[in-house]
Amino acid sequence: MNFDIPIDQWVTNFVDFLLEYGQSFFDILSIALETLTFGIEDSLMFPPPWLLIILLTGLAAWRTNWRFAVFTLASLMLIIGMDLWQETVATLALVMAATLVSLSIGIPLGILAAYKDWFERIIRPVLDLMQTMPAFVYLIPAAMFFGLGQVPGVVATIIFSMPPVVRLTNLGIRQVPKDLLEAGLAFGCTSWQLLRKVQFPAARPSIMAGINQTIMLALSMVVIASMIGAGGLGDTVLRGIQRLDVGLGFEGGLGVVILAIILDRITQSFGNNGIRR
């Protein structure tokens, strides 16, 4: 039985079409993402490490407790002791850039999906595809459209990490109690005022959970994105793999774990405060 569906050829033709007619758009997008990423990295590298450590420790103490602040201080000092401060800052800049773009696109999409059932039905399989597609697959078109370096790493990270914030923004707004909506409408709120003053505050725990998951997924892409030149701690892990150097790979992985714990606890604290109130 001869039954062949040439999906690979269709995808190749579509990518060739984009490369031929959309290269100027990808160049502009590349410049914008490069400016954002390197701007964040330069801003983080400008102050001395001890000042940034104090700021992060103070933020941890303010948002969580003194025990986690001590952990943050000790962990960041450990990163400096492993001589991985520059790589950690580069990774943090990549994660922050990807997260900012993901949130700026994902939250409006989640709001639209909460308001429009037809849009939710359309975007749900797209989000399923984005989440279940192996992350390595995203590296191929990212490298083809944007070359090698941090920009394609950011693009692949955005695609992989955006779905949670879309889903949880949609879920949070849909689960706002009807009595709150009725009270807002009774006080004469417009649709925008109802969203800003009623739905968004009530849905904040769910939205913050989506932001938290977006950051965690972005961090999980660090090592994979290093394969196309994204750099940072992922590059350290990749060198350890290439050299079969267990110690070097463990140091890079430990840096990713420390960064993940700090970002996870701090972002969780914003959603937890909303639940307590």
What do you reckon, is residue 112 over 23 Å from residue 166 (Cβ atoms), open to solvent by less than 80 Å² (accessible area, probe 1.4 Å) and at pLDDT 90 or above?
no
Single condition residue 133 does not satisfy, out of (1) touching a residue at least 60 places away in the same chain (Cβ under 8 Å); (2) open to solvent by 20 Å² or more (accessible area, probe 1.4 Å)
(1)
Assess whether residue 206 counts as being surrounded by 16 or more Cβ atoms within 10 Å (Cβ to Cβ) and either closer than 29 Å to residue 111 by Cα or in contact with a strand residue (DSSP E or B) (Cβ under 9 Å, 6 or more places away or on another chain) (or both).
yes
Against the condition of a type in the set (Asp, Glu), open to solvent by 50 Å² or more (accessible area, probe 1.4 Å) and under 18 Å from residue 83 (Cβ atoms), how does residue 235 come out, does it pass?
yes
Identify, by number, the condition in (1) of a type in the set (A, V, I, L, M); (2) at pLDDT 90 or above; (3) open to solvent by less than 10 Å² (accessible area, probe 1.4 Å) that residue 254 doesn't meet.
(3)
Do we find a residue being open to solvent by less than 50 Å² (accessible area, probe 1.4 Å), touching a Gly at 6+ places or on another chain (Cβ under 9 Å), of a type outside the set (Lys, Arg) and more than 30 Å from residue 148 (Cα to Cα) anywhere in the range 36-58?
no
Pairs only if they're at least six apart or on different chains, beta carbon under 7 angstrom, first in the range 68-86 and in contact (Cβ under 8 Å) with a residue 60 or more places away in the chain, second part of a helix (DSSP H, G or I) and open to solvent by 70 Å² or more (accessible area, probe 1.4 Å); list them, first residue then second.
68/265
Can you tell me which condition residue 177 does not meet? The list is (1) more than 28 Å from residue 137 (Cβ to Cβ); (2) surrounded by 13 or more Cβ atoms within 10 Å (Cβ to Cβ); (3) modelled with pLDDT of 85 or more, and all the others hold.
(2)
Looking at the range 162-170, can you tell me whether even one residue there is surrounded by fewer than 20 Cβ atoms within 10 Å (Cβ to Cβ), under 12 Å from the mean Cα position of the chain (by Cα) and part of a helix (DSSP H, G or I)?
no
I'd like the residue in the range 136-161 that is in contact with a Phe, Trp or Tyr (Cβ under 8 Å, 6 or more places away or on another chain) and under 21 Å from residue 91 (Cα atoms) and, out of all such residues, is most open to solvent (accessible area, probe 1.4 Å).
159
Pick from the range 224-251 the residues that are of a type in the set (Asp, Glu) and more than 20 Å from residue 161 (Cα to Cα): which of them is modelled with the highest pLDDT?
251
Hey, which of the helices (runs of 4 or more DSSP H) in the range 1-81, taking only ones fully inside, have at least 1 residues that are modelled with pLDDT of 90 or more?
23-45, 49-63, 66-81
Sort through 220, 191 and tell me the only one that's out of contact with any strand residue (DSSP E or B) (no Cβ under 8 Å at 6 or more places or on another chain), of a type in the set (Ser, Thr, Tyr) and open to solvent by less than 70 Å² (accessible area, probe 1.4 Å).
220
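The values are calculated or read from the model by the stated rules, or taken from the named source; none is laboratory data. Everything numeric here is computed off the predicted structure, so don't read it as measured data. Please note: Cβ atoms are built from the backbone with ideal geometry, for glycine as well, and neighbour counts cover all protein chains shown. We work out accessible area using only protein heavy atoms, side chains counted, and drop any ligands, DNA or RNA first. Shrake-Rupley method; radii C 1.70, N 1.55, O 1.52, S 1.80 Å.
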